[in-house]
């Protein structure tokens, strides 16, 4: 085959990649050793980062893209896809991760935003992006910018699933509500939620977002993961929940199985038995305004 | 014949394969007399006339096939298997990766992620031996290739890196994703070779 007949970095390839992650668990890892544990447990991909969200909360200061050496180390350690986080709007961090060869970039509110006005113009990249969202308008604005995957934001690093539930229920509820609207009402609703009308109509027709929608931000147990799947998530991200638990290998394996059998409580009971302690949790109502991550980017 | 097509639903691109088979059955006039459903247990598999193993993460799917006691039942399955991407990896007799427990149903050696990482994923118009209606628009995502195919297999297409489509009787294995589009010729071809 001649090289010019090949097409790279298309929308179909980006969304197709995201689609292959469905029914899977994507785990935060900070080094090669953790990445291997995640792969061994059955993770579909790992998210490489400098510190997991609960440690970012403790450390404070500006949280940035991980050291390229760390990303490289994780890429070399595993055969499953490796993702990496960049700051909202920081397109140069994204260029760096693309060159390093990460398989997907998370433009993430967990890191300190670099631009309070604009997100990254994701269509300029060959690598696919995942972005956080709390409601339908935010999800569709990100898709319009080129995101190939959405994850509901939740509240990262808390081990508390309440915000993840709120955001998944909001998005699924808004899509269900669309079905009762006619085209004019949809156009009006699109203006109200500040989203492109054609994407609103596409959601109404398909009864779901046009891209894969995972859940993130607060999942700490196999039951949490299965809860998000039953609420309609296509898969889950687990951040601090694995390596801040007392037995990461067992927690990782159990969450993978709980996602696979999310509608079978007998399996969830079995895999939840004797897991040790989940990560310590935080009551989100005790967070100061400047400690809340989900409001970054809109 | 009434078709009961099972799509292995442990992880990956399951709903797209269900939709593609539904469309293929409708286009071949079998829509009303057929069923397409998810296979998650040995009991589901016992109900199928043919099986699809979709793309996804092969290490994860391999692990969950073992955990869900599906390994031997799939090996003993009498119908044809339509295996794409990760599915192709699992059909092999040899995979150079200890994390994969291959089913050994097609005598071939598979190399995972043979083209590289996601940025090297590509689309191409691919000619396939015996396929009518011109080349097939093929989507390769972190795709595997076959580096050795035994004499029992029929090669349908190859790229520089290796073989990307092949058949063995009622089984078909593809490196790429025919379910990510509305061209159902390969699904229809598979249904025909399975007497549907």
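In contact (Cβ under 8 Å) with a residue 40 or more places away in the chain, closer than 21 Å to residue A:11 by Cβ, crowded, with 17+ Cβ neighbours inside 10 Å and touching a helix residue (DSSP H, G or I) at 6+ places or on another chain (Cβ under 8 Å): is that true of residue A:212 in this structure? Taking the combined requirement at face value, the residue satisfies it.
Looking at A:228, A:168, A:149, which one is touching a strand residue (DSSP E or B) at 6+ places or on another chain (Cβ under 7 Å), touching a residue at least 12 places away in the same chain (Cβ under 8 Å), surrounded by 18 or more Cβ atoms within 10 Å (Cβ to Cβ) and under 19 Å from residue A:293 (Cα atoms)? Explain how you work it out, then say what you get.
Details: A:228 fails: under 19 Å from residue A:293 (Cα atoms); A:149 fails: under 19 Å from residue A:293 (Cα atoms).
Only one candidate qualifies: A:168.
Determine whether residue A:105 is touching a residue at least 12 places away in the same chain (Cβ under 8 Å), in a strand (DSSP E or B), within 12 Å of chain B (Cβ to nearest Cβ) and under 15 Å from residue A:46 (Cα atoms). Yes, satisfied. What is the residue count in the stretch A:27-51 for residues that are more than 10 Å from chain B (Cβ to nearest Cβ) and buried (at least 24 other Cβ atoms within 10 Å of the Cβ)? So the answer is 9.
Here is a yes/no grid of residues against (1) within 23 Å of residue A:213 (Cα to Cα); (2) surrounded by fewer than 21 Cβ atoms within 10 Å (Cβ to Cβ):
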site	(1), (2)
B:6	no, no
B:30	no, yes
B:39	yes, no
B:46	no, yes
B:54	yes, no
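Every condition in (1) more than 13 Å from chain A (Cβ to nearest Cβ); (2) in contact with a strand residue (DSSP E or B) (Cβ under 7 Å, 6 or more places away or on another chain); (3) surrounded by fewer than 22 Cβ atoms within 10 Å (Cβ to Cβ); (4) within 28 Å of residue A:253 (Cα to Cα) holds for residue B:129 except the one numbered (4). Look at the stretch B:23-42: where a residue is part of a loop (DSSP other than H, G, I, E, B) and a partner is at pLDDT 95 or above, sitting 6+ places away or on another chain with Cβ atoms under 6 Å, you get B:28/B:188; B:31/B:25; B:34/B:25; B:40/B:9.
Can you tell me which residues in the stretch B:49-89 are more than 14 Å from chain A (Cβ to nearest Cβ) and either in a helix (DSSP H, G or I) or within 22 Å of residue A:41 (Cβ to Cβ) (or both)?
B:71, B:72, B:73, B:74, B:75, B:76
When we screen B:46, B:20 for residues that are more than 12 Å from chain A (Cβ to nearest Cβ), in contact with a helix residue (DSSP H, G or I) (Cβ under 8 Å, 6 or more places away or on another chain), under 25 Å from residue A:14 (Cα atoms) and touching a residue at least 24 places away in the same chain (Cβ under 8 Å), the only hit is B:20.
The values are calculated or read from the model by the stated rules, or taken from the named source; none is laboratory data. The shown structure was predicted, so the numbers you read here are calculated from the model rather than taken from an experiment. So basically every Cβ, Gly included, is an ideal-geometry build from the backbone, and we count neighbours across all protein chains shown.
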